[in-house]
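Working notes, beginning with the structure itself.
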Amino acid sequence: MTTATETFVTLPKNSNQALGIGIFAIDFMNKSIGEPSKTVLDRTALFFTDAVLCGLSALSVKTNAPVVLQDEALEYVMENGATVFGSSVRVRPEKAILANAAAVREWDSNGTNFGFNPDLGHTAGEFGHNDFYSVPVAAAQVMNLDGAAAIRGMILLDEIRGRLAEVFSLKTYKIDHVVHGAIASVAVYGAMCGATAEQIESAIGMSVAHYIPWRAIRAGKQLSDSKGSSAAISTEVAILSMQRSMRGFRGPRDIFRNPEAAFRQFESTGGDSPFDLVLSHSGDSFAVMGMHFKIGLYEHQSAGALQGLLNLVQQDPSIAVEPEKIKSIHITAYEPAFGIIGDPAKRDPKTRQSADHSMVYIVSAMLRKAQDVAKQEGEGFFNQHNDEIWKRLMLTPYDFDVDAIFHPTSRAIMETISFEHGGKEYDDKYPDGIPTSMKITLVDGTVLDSGFVMYPAGHARNTTANLNDILVEKFKMHGEIAMDDPSGVIQNCMGVAELDSGGVQNLWNFEIADRPVYRD
C-alpha cells in the first residue's frame, strides 16, 4: 500500500491512508525507519520551547480558558498519568493534554504553518499551529519514555498534520484546521503507547466521523474561549478515541476514502481519497522546517503588515517621533488575510480574542509602541538593525489587555488605517509568503511605501533576520511573565531531547508565579 524512498513514504490516494498513517507512525516511533537531522531536532525544540513559554505566561495571569481547563484536569487524578504545567500531580492524559494545549494556544502567539509544498505541488494552504506537543509529552510520561522519544513524537505530529495541511484545505469548507492536528495526535499517541496500526486507523476514523469542528468558533464580532481552545478540545476527544480503540472499540475503517466522511463529501472522487499523502522520515525535509514563528503576539496573517510598518519606521523615524505627521495608513493584502483580520466587525474590538484578529488594531498597537520608544530613545533608535527593532516593538499580551485595546492613541491611529484586498496579484503569492504592502501618507503629501513584503521576520523563508536571537527575547518576555527566573524551564525545553525518563516525568514540576489577573 505504500511506496518508499530513502527519505519519505507515499500513501497513495487509492490506498487505506488511515491505516498507512498508523503503520508509518509506529515504524517512525520504533525507529524502524527514519533519522531526522540535527537541524530538524533543533527547530522542533525551538517551536516546543516557544509553545511552552506562551502557555506558562497565559496561566500565570489567569486567562480564563487555561485556568478553567487546568482546574478540570486536576479533578481527574490518575496513577501513572500525565502532568499539567506547573504541577507534579498525575492526571488522566487526555485531561493534561486538554489543559496544556489550551494554555499554549491562548495567546495565539506560537508557531504557524500554511500548508505549502510547491516541490510536490501540494499547496492547499491550510492553516495550523504548533499546539499539540502536549500529546507526545503526555504519552512519554504515561509510558515512562525519555526526551528523545518525546521530541521524535513532536516531529512526527508536526509531520502528519503539516502534510495534511498541504493537501486538504479544511477552511475552504468552513471546517476548523484543528482536524489535521487531531488526526496526527491519534497517530502519535497510539504509536507511543503501543497501539497497533489497525487501532490507530480505528481511532482516526472515530475522530473524523464523530468530532468535526466548524469555523463557527472563529466567526462573530467578539470571539469566545472556544476559539483559543479548539485544538485542545479536538485533541482531547482524539486521545479518548485512541484509548477506546485500544480497549477494543472499532471505529470506521479507511476514513479518507469513506464517501460519507468530510474529505470525500467536500471533494468528490470516483472512490479514492482526494489526495496522495507524502510523509518524510529522514534528513532535513520535514514539515516543521517550513513552519513559521510569530515574533510576539498577533494573528500571523498580519506579519507582512507589521514588517512593512517596521521598515517604514526605519525609513522615516519621524513618523514615530511626530505621529501627528501621519494622515493615513493604507494596507493591501491577500485572501484569506483580508477576510479574517479585515472583517469590518473587527474594526472595533472589545476583547483580546478579537483585537489579536484585527489588522487595524494590531498595526495601531505596534505603531503606538514605536511612539513610546521614540519618546524614550529618540529617532536614533530606529537606525539599528531590523532585529533590534523587532525585539523592542514585539507585541506582548499586555498590548492586548483592556487598557491597551481602548487606549486613545491606538483608537486614533485605527481611524487612519484602511485595509483592502489586493486581488489576484497578492492572492497568487500566498501561501508561499505573506504578500502585503503598506503606504503611509503624511499630511504634507509625502507617501512612504513599504513595497511588497513577502517573507517577514519569523517566516520560514526569511533570510535576513537572526531568528534565534529574536526568539531569545520572546522566550524571556513570556518567561518573565510566568516566573521570576525562567532560565531553567527554557533550558529543559530546548534540551528536551537529552532528558532521561525522570526528566520528562518532572518536566512541568515547577512553580508558576501568581501574577495579577489579565483583564481582557
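You will find that of Asn509, Asn492, the residue that is surrounded by fewer than 17 Cβ atoms within 10 Å (Cβ to Cβ) and either outside the structural domain of Ala103 (by TED's automatic domain parsing) or touching a Ser or Thr at 6+ places or on another chain (Cβ under 9 Å) (or both) is Asn509 and no other. Within segment 278-304, the set of residues being more than 19 Å from the chain's Cα centre (by Cα) and either acidic (Asp, Glu) or within 26 Å of Arg218 (Cβ to Cβ) (or both) comprises just one member, Asp284. Of the helices (runs of 4 or more DSSP H) lying entirely inside segment 259-338, those carrying at least 2 residues that are in the same structural domain as Thr112 (by TED's automatic domain parsing) are 262-266. Of the residues Ile183, Ile217, the single one that is in the same structural domain as Ala103 (by TED's automatic domain parsing), in contact with a Leu (Cβ under 7 Å, 6 or more places away or on another chain) and among the β-branched types (Val, Ile, Thr) is Ile183. Within segment 264-288, residues that are free of Cβ contacts under 8 Å to residues at least 60 places away in the same chain have Cβ atoms under 9 Å from residues that are outside any loop (DSSP other than H, G, I, E, B) and surrounded by 24 or more Cβ atoms within 10 Å (Cβ to Cβ) in these pairs: Arg264/Phe256, counting only partners at least 6 apart in sequence or on another chain. A single member of Leu145, Leu156 is in a loop (DSSP other than H, G, I, E, B) and in contact (Cβ under 8 Å) with a residue 60 or more places away in the chain, and it is Leu145. Pairing residues of segment 63-77 that are assigned by TED's automatic domain parsing to the domain that holds Lys95 with residues that are of a type in the set (Ser, Thr, Tyr) and in a helix (DSSP H, G or I), at Cβ distances under 7 Å and at least 6 apart in sequence or on separate chains, gives Ala65/Ser229; Leu69/Ser229. Quick test for you: out of Asp42, Asp119, Asp131, Asp108, pick the one residue that is part of a helix (DSSP H, G or I) and of a type in the set (Asp, Glu). That would be Asp42, the only listed residue that is part of a helix (DSSP H, G or I) and of a type in the set (Asp, Glu).
The residues of segment 409-421 that are touching a helix residue (DSSP H, G or I) at 6+ places or on another chain (Cβ under 8 Å) and not in a helix (DSSP H, G or I), listed by number, are Ile417, Phe419, Glu420, His421.
Taken over segment 313-335, the residue count meeting the criterion of being closer than 20 Å to Phe452 by Cβ and acidic (Asp, Glu) is 2. Is it the case, given these coordinates, that Thr44 is among the polar types (S, T, N, Q), crowded, with 16+ Cβ neighbours inside 10 Å, at pLDDT 95 or above and over 17 Å from Ser109 (Cα atoms)? Criteria not met by Thr44.
The values are calculated or read from the model by the stated rules, or taken from the named source; none is laboratory data. None of the values given here were measured: they were computed from a predicted structure. Every residue, glycine as well, gets a Cβ built from its backbone with ideal geometry; the counts of neighbours run over all protein chains shown.
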